[in-house]
Amino acid sequence: DRFFTHRPFDNWSVGIKLQIPLWNRTANAQLSEANLRFAESQTRLRALRDQIEAEVRDAVRETVTANKRIDAARETVRFTQEQLDATRRKLEAGLTTSYDVLQVLDDLDKARTNEIKALMDYNVGQGRVRLAEGSLLEKYNIELRRPPRYRFQ
């Protein structure tokens, strides 16, 4: 009865949705974003490698310098010890005063202190080299099976 009326399809509707991607802009944008992230991570990796290389070079340079300072300090101690012996002989001969002997003793103490400081700097430098290389745990045969859990409060 309704089918044969003047306007039988009043309550009906038909629709077609057609999507055609033109130039695939979304995928191209996602690809560009991924390429930028990759390039950024490559740049960060190169910067990190450069930083590590610089730290290792600096630590090695400091260690070599400290080693040379040890040699120089030992020579200074040896020279000052010889000077002390000569000053004591002069004192026994009456050619100098006890003040001069005390002055040379003070110089000898300073030279020994510089030698000890150079030894400490050398040891610290070796530790810095191992730390920068990442071989500090290997040096002392320490193996971490699980990374430690840190809790900060």
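Relative contact order of the stretch 23-153: 33 percent, from C-alpha pairs under 8 Å at least 6 residues apart in sequence. Kirkwood radius for the stretch 39-97, taken over all pairs of different Cα atoms as the inverse mean of 1/r, rounds to 15.5 Å.
Once C-alpha pairs closer than 8 Å and six or more residues apart are averaged by separation and normalised to the residue number of the stretch 45-122, the relative contact order reads 45 percent. Near Thr96, the amide H atoms lying under 5 Å from its own belong to Leu91; only residues 5 or more places off or on other chains count, and H is placed 1.01 Å from N. Applying a DSSP loop filter and a limit of 13 other Cβ atoms within 10 Å to the chymotrypsin sites (Phe, Trp or Tyr not before Pro) in the stretch 20-122 leaves Trp23.
Site pair Glu75 and Ala27 shows an inter-label distance of 7.3 nm when each label is modelled 7 Å from Cα along Cα→Cβ.
Values in this text are rule-based calculations from the coordinates and carry no lab data. Everything numeric in this text was worked out from a predicted model, so none of it was measured. Note that each Cβ is placed from the backbone with ideal geometry, even for glycine, and that neighbours are counted across all protein chains shown.
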